[in-house]
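K.L.:
There's a structure below that I have some questions on.
Please treat every number below as a calculation from the coordinates, not as lab data. What you see is a predicted model; the values in this text were computed from it and never measured. Cβ atoms come from the backbone with ideal geometry, glycine included; neighbour counts cover every protein chain shown.
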Amino acid sequence: MGAYINGFYAFSPVSTNDRAGILYVATILSLVFSVLTLLVRWHIQRRTFGLDFWVIVAATVVALGQYAAIFVGLDNYALGKAVSLMTKTDQLSAARSVIASIDLFLISNALTKCSVIFFMKRLFSTDNRTAKLLCNSLLGLVGVWVLASILGLSISCSASTKFALEHRCEGQITRWSVVATFDSLFEIAIFLLSIILVVPLQMTTEIKLSVVFAFSFRLIVAVFAIIHVYYVSEWSSASDPGIASVYSLLWQQIELGYALMAATIPTLRSFIRGYEKAMGWESSYYIRNTASRTANSTYQLSTMHKSRHEEERGEAGGAVFGLQRMETCDREPLRPDRPNYKAQIYGPGLDNVSENVPRRTKSGSSGSSQEPIIRKDVEIQVSSEAAH
């Protein structure tokens, strides 16, 4: 495979009849950047791994299969070379590698979209049913799209037609145009959804623009999808499909690698830090559930009784309204969840007052909730004295 050119060893020399080296470089770079991006995502979300993280992990694993299919075709079946340099067996095997890479590309690309949608769902749909409904609907449409795309590109198109000089698979341009159109529309929909969900929020315009800008990077995936379809059309009509397939697969690697990276960009803290502060999250979105830090610490709180002054005023005919702290055993001081409120009335002749006094009951506890909730405990004491 390799050769010495002007005294330098070239692993895969690029020539008129051999463009495999171009595809090697694109595939290796896409692979490296995808893995590095996943490591960055792991570092960002290492405290709590949400569903959006596991989906992008699945997308990267599927992408590795796509890269492997390309490497197998390049190493063993003369993929990237002119058809004249391929045997019939090589053409058939290379075509199978290409079909496998295309199917895995579609699945991985769809999973990157799902990862972004799951992230948006966690970010915006805490108490917003509309946001949750829109995200779930978009997830369902993406799932239908990827299944329909795989079937649409495979029906009546066997491996023997991929590199055939005659009687190639018909309708490939139309099929890929439909696939790329929906691919681009989904990216636009994700961007528009971020605008729809951010605009109603009570925060500064600067923070809103920062959040929307983070999701705007996905729009470049739509651009790559259009370029990819253009080179698919060149492949379908080229006199040498072996060489023309290189550029189609090249843009496939570019689109997939960028889609994996763009799925991580909105999770960077530089984009969502202002959003977190505006929503009242004291720490990062990813580390709000740190129960492991309090597993080994216990703080005992004592009972709060009436003061001597209150007791004297109660005996004198006065009345004291207040909150009484009960004995509790929290794992962390000032823990915001499991709030308890108890109102008590002190004083003679106030048997029927409690009926007219509004009571503060136990609010909805977060329990094991994974969503950020803002809580504020307020203690109010109201006292009255009998007129003399």
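K.L.:
Restricted to Cα positions, what overall size does the range 3-286 have along the principal axes? Three whole-Å values, descending.
P.N.:
65, 45, 27
K.L.:
Summarise the long-distance tail of P(r) for the range 140-276 by giving the % of C-alpha pairs beyond 23 Å.
P.N.:
45
K.L.:
With bins 10 Å wide starting at 0, give me the P(r) of the range 70-148 over every alpha carbon pair, in whole percents.
P.N.:
18, 30, 19, 16, 12, 5, 0
K.L.:
Would you kindly give the portion of the calculated P(r) for the range 36-179 that falls above 19 Å, as a percent of all Cα pairs?
P.N.:
62
K.L.:
Something else about it: What number comes out for the charge environment of LEU250, summing +1 per Lys or Arg and -1 per Asp or Glu over other residues with Cβ under 15 Å away?
P.N.:
Result for the neighbourhood of LEU250: -1.
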